[in-house]
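Structure first, then comments.
Every read-out reported here was derived from the displayed coordinates using simple, explicitly stated rules and does not represent laboratory data. Model, not experiment: these values are computed from the prediction. Every residue, glycine among them, receives a Cβ derived from its backbone with ideal geometry; neighbour counts consider all protein chains shown.
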Amino acid sequence: MGKLRETVASVWSQTCQNLEIILVDDGSTDDTPAVISELIKTAEHGKIRTIHQINKGSAAARNLGIALAQCDYILPLDADDLIHSAMLDAQPSITLVYTDRQDFGDSHQRWSAGKFELARLK
């Protein structure tokens, strides 16, 4: 469960600190609830909320987290995702953001998102 701690740390390292974290536990059978409890107790910035549900899959977990969000912008992350410290810099003139992907761990491959095309997004 070290990955979840790293993911939360990457969010807390943001230059933009006006944020919330909603952790959706989708029926975990490992030590995820204990890790989430620890993260909530030790959070120094902002707030962390958690929701526990019976396993319904990642799409249902994302949708639940999005439905409960109280912020203007939403960035769904999985427990093994990391984000750059300037990823969430707020710029009011921007309404949509997308990014390249950089793998880490055993692979360091970079995936280009390419040019934005609304038709491709649909």
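Tabulated data for the structure shown
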| item | result |
| --- | --- |
| Relative contact order of the chain, pairs being alpha-carbon contacts under 8 Å that are 6 or more residues apart, as % | 31 percent |
| Size of charge dipole - segment 1-65 - debye, nearest 20, with Cβ of Lys, Arg +1 and Asp, Glu -1, no other charges | 180 debye |
| Segment 2-83 - convex hull of the alpha-carbon atoms, volume per residue in Å³ | 88 Å³ |
| Of all DSSP beta bridges in the chain, antiparallel share, percent nearest 5 | 20 percent |
| Charge context of Ile74, other residues only, Cβ under 11 angstrom, K/R +1, D/E -1 | -1 |
| Most positive-pole-ward Cα, Gln109, Leu64, Ile83, against dipole of the chain from beta carbon charges | Leu64 |
| Sparse-neighbour loop sites [trypsin sites (Lys or Arg not before Pro); segment 1-44; at most 12 other C-beta within 10 Å; DSSP] | none |
| Cα-centre dipole for the chain with unit charges at Cβ (Lys and Arg positive, Asp and Glu negative), debye to 20 | 400 debye |
